[in-house]
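These notes are about the structure you will find just below.
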Amino acid sequence: MRGLLVAGLGIGFLACAAFAADDVASAVVATVKTVDKGTKTVVVKAADGTETTVKFTGKTIAHGSEATAKGTKDAFEGMKEGDQVVVHYTVKGTVKTAKEVDHVGKDGMKASEVVVKSVDRGAKTVTVKTAEGGEETYHLTVDAGKEAGKGLDKAGKVTVYYTDEAGKKVVHFFKQS
C-alpha cells in the first residue's frame, strides 16, 4: 500500500513538472509588424529579424497606449504597425499568449542603457550607473524582480525599460546588452 502511495506521488510530481515546463515565460523587444483583431494575434519583429506571433486574451494588460489612457480592456487599442513594444508572453505547446504588452517611446515606457551596480531583492530595487556617470535607483515590478533573481547583479551593461510612477522610476523589463 505504501509503495502505491509513493508511486502515485511520484507520478503526480512528474506530471506537475511536465505541465510547468510546458508553460514558459518570455519577453521580446520588437516592432509591431501586423495586428489581426479578428484572430486576436500580433506579429512582432525583433532587431535580429526573428518574427514572433503572439495571441492576446481578455487578460492581456497594455501599458503606455491609448488602451491604458482610455481604461479599456482591449489591449489592441492604439496598437499599430511600426510601434515599438516589449511583449511579455507565456508559451504552452506552440501557442504564445501575451500576458502584458508595454509600448516604448512617446506616452510609453522609456529605455536607458545602464550598468548594474547592485540589486536589493528585499527592497525590490536595482542601483545602476548611467551613461552620464551618475547613480540611480530603480524600483522593480514583480516580473522584473523575478528577472533580477537570474543573475542581474552580474549582468553588467543592460537596457532598462521603465516608467515614471509617482516620482519613482519603475523597471518593467531588462535586456542584456
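If we keep just the residues of region 49-86 that are at pLDDT below 85 and in a strand (DSSP E or B), which is least open to solvent (accessible area, probe 1.4 Å)? Looking at the filtered set, the residue picked out is Ala62. When region 87-116 is filtered for residues that are modelled with pLDDT of 90 or more and in a loop (DSSP other than H, G, I, E, B), the ones remaining, listed by number, are Gly93, Thr94.
Condition check for Val160 on (1) more than 26 Å from Gly78 (Cα to Cα); (2) in contact with a helix residue (DSSP H, G or I) (Cβ under 9 Å, 6 or more places away or on another chain): one failure, at (1).
When you check Val126 against the structure, is it in contact (Cβ under 8 Å) with a residue 12 or more places away in the chain, open to solvent by less than 50 Å² (accessible area, probe 1.4 Å), among the β-branched types (Val, Ile, Thr) and within 22 Å of Thr31 (Cα to Cα), yes or no? When the stated conditions are applied, Val126 does not pass them.
The values are calculated or read from the model by the stated rules, or taken from the named source; none is laboratory data. Every value quoted in this text rests on a predicted model; they were computed, and no experiment measured them. Quick reminder, even Gly has a Cβ in these numbers, built from the backbone with ideal geometry, and neighbours come from all protein chains shown. Just the protein is used for accessible areas: all its heavy atoms, side chains included, with ligands, DNA and RNA removed. Shrake-Rupley method; radii C 1.70, N 1.55, O 1.52, S 1.80 Å.
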